[in-house]
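Below you'll find the structure, written out as structure tokens, and then a few comments.
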Amino acid sequence: MAVYDVAGKVAVVSGGGSGIGAACALTLARSGAKVAVADVQIDAARAVVSAIGDAGGDAHALEADVADPTSVVNMVQATIERFGALDVGVNNAGIGGDHALTGDYPLDSWRSVMSVNLDGVFYCTRAEIGAMRANGGGSIVNMASVLGAVGWPESVAYVAAKHGVVGLTKSAAIEHAADGIRVNAVGPGFINTPLIARDLDEGSIALLADLHPQGRIGEAQEVAELVAWLASDAASFATGTYYAIDGGYLAR
Ligand code: NAI
């Protein structure tokens, strides 16, 4: 595992209590960043903060619901109050939603997926830009998916939201390049996290693995490596781009 050039930077990771977000928080902290671990499940955030502390890092747990714009503003303010600035925003919180054909897709599930997966990324990006402008710049990494680039059956809300994340990332990057703010989106293939394990049995996961030319699904740490690079100054010329990290899924 590499160590990235984020020493002394302040990061906030939404959905940092589990899966990919937890791996991002741990990786950024291991590389010397101070990390606010924000999650709607505060106990999960606290457990990640405790693991970071055990590894010698500096982190703080925040309860935040990204679907609530006031909660998001509070999340950014609390990060700055705790650590003095904001340099990195990893907007990762997301949910799967119901599985149904588009013609039958439940309206409440459409709304809740959009609220967390698209509105939430917008609220976070918006609030983080405000803080970063005041601070001379920063790096925002929005968690999309390979399903931000291609379709998938019976998940119309998730696929639409993830495509939306890619679009808002590009627009924000164009607008705020002159402010020294880089904005990128990450598109993981299927990753071994509770999000997948909750929904699928072993047989279904094996079928998913076969869709990736590498013949397996990914690990959260493999996504965190890309996120930490994008957060770091090593990625100084990277903005406005969608980076798939997918074991070859989109290459087929
Ligand atoms: P996960 O379910 O393991 O973790 C998601 C975390 O987000 C949880 O701790 C949860 O409490 C938190 N969260 C949910 N709603 C929230 C809200 N409203 N406000 C704040 N926190 C909230 O999921 P995983 O797999 O780590 O997913 C993280 C991100 O990666 C999501 O955006 C997901 O769509 C994306 N992704 C996941 C893939 C996978 O195969 N696991 C593939 C591609 C993208």
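Just so it is clear, none of the values below were taken in a lab; they were calculated from the coordinates. A quick note: this is a predicted structure, and the numbers were derived from the prediction, not measured. Glycine gets a Cβ as well: all are built from the backbone with ideal geometry, and neighbour counts include every protein chain shown.
Details
- Estimated translational D of the stretch 1-118 in µm²/s (Stokes, Kirkwood radius over Cα pairs; 10 °C; 1.306 mPa s): 108
- Largest GNM mean-square fluctuation across 109, 31, 14, computed for the chain with C-alpha springs under 10 Å, falls on 109.
- Percent of Cα pairs exceeding the 29 Å cut-off, where the set is the chain: 23
- Among the trypsin sites (Lys or Arg not before Pro) in the stretch 102-194, none sits in a DSSP loop with a Cβ that has at most 13 other Cβ atoms within 10 Å.
- Sorted by Cβ density within 10 Å, fewest first, the residues 211, 230: 211, 230
- The ellipsoid equivalent to the alpha-carbon distribution of the stretch 163-238 has semi-axes of 31, 14, 10 angstrom, derived from the gyration tensor eigenvalues as √(5λ) and listed largest first.
- When 140, 245 are sorted by how many other C-beta atoms sit within 10 angstrom of their C-beta, beginning with the fewest, the order is 245, 140.
- Where only C-alpha atoms are counted, convex hull volume of the stretch 116-169 per residue in Å³: 60
- Taking each residue as 0.36 nm, the span from residue 154 to residue 204 lengthens on full extension beyond its C-alpha to C-alpha distance by 16.5 nm.
- Estimated from helical segments only, the mean residue ellipticity of the chain at 222 nm is -13500 deg cm²/dmol, where each DSSP H run of four or more residues counts as -39500 (n - 2.57).
- Top of 199, 98, 87 by mean-square fluctuation, Gaussian network on the chain, Cα under 10 Å: 199
- Both the radius of gyration and Dmax for the stretch 59-137 are 14.9, 49 Å, in that order, over alpha-carbon atoms.
- Of interest is the spacing of the C-alpha centroids, which for the stretch 185-201 and the stretch 53-96 amounts to 22 Å.
- Over the stretch 144-200, equivalent-ellipsoid semi-axes from the Cα gyration tensor in Å: 27, 13, 7
- With respect to the chain, whose longest principal axis is taken over its alpha-carbon atoms, helix 42-54 is tilted by about 60°.
- Most fluctuating residue given options 152, 229, 110, as computed from a GNM of the chain linking Cα atoms under 10 Å: 152
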